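Shown next, in structure tokens, is the structure this report addresses.
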Amino acid sequence: TRIIDRTFISNGKRWIIDFKTGSEEEEAQNQHRQQVNNYAELLAGKSQEPIRCGLYYLASGNWLEWDYPL
């Protein structure tokens, strides 16, 4: 089972956003990015728009974003 925190289309791009309350250390960030990339992989076959991914760390307000390569 996969639960995507937020996905929407804006300005011709599909966004996939995951909100995090845990660690922002490099290893954790890499795991979080992989989780969002897995969501993007699932949606890539159902969406024709380019995909942007994002992580938002609630405790610090830190925002990370990247393009998912199709």
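Quick one: would you say residue 42 is of a type in the set (A, V, I, L, M, F, W, C) and modelled with pLDDT of 95 or more?
Numbers: of a type in the set (A, V, I, L, M, F, W, C): yes; modelled with pLDDT of 95 or more: no.
In short, no.
Specify the residue that is farthest from the chain's Cα centre (by Cα); the eligible residues are those in the range 1-35 that are open to solvent by less than 90 Å² (accessible area, probe 1.4 Å) and of a type in the set (D, E, K, R).
The residue in question is 24.
How many residues are surrounded by fewer than 17 Cβ atoms within 10 Å (Cβ to Cβ) and more than 16 Å from residue 21 (Cβ to Cβ) if we restrict to the range 48-70?
Residues flagged as surrounded by fewer than 17 Cβ atoms within 10 Å (Cβ to Cβ) and more than 16 Å from residue 21 (Cβ to Cβ) within the range 48-70 amount to 8.
Restricting attention to the range 39-47, does a residue exist that is surrounded by 16 or more Cβ atoms within 10 Å (Cβ to Cβ) and not in a helix (DSSP H, G or I)?
Yes, there is a match, as at least one residue in the range 39-47 is surrounded by 16 or more Cβ atoms within 10 Å (Cβ to Cβ) and not in a helix (DSSP H, G or I).
Return the pairs, sorted by first residue and then second, in which the second residue is among the polar types (S, T, N, Q) and loosely packed, with under 11 Cβ neighbours inside 10 Å, the first residue lies in the range 15-33 and is at negative phi, the beta carbons are less than 9 Å apart, and the residues are 6+ apart or on different chains.
Close Cβ pairs satisfying both conditions: 24/60.
The values are calculated or read from the model by the stated rules, or taken from the named source; none is laboratory data. Nothing here was measured: the structure is a model prediction, and the numbers come from that model. Reconstructed Cβ throughout: ideal geometry from the backbone, glycine too, with neighbour counts over all protein chains shown. Surface areas here come from the heavy atoms of the whole protein model, side chains and all, with no ligands, DNA or RNA. Shrake-Rupley method; radii C 1.70, N 1.55, O 1.52, S 1.80 Å.
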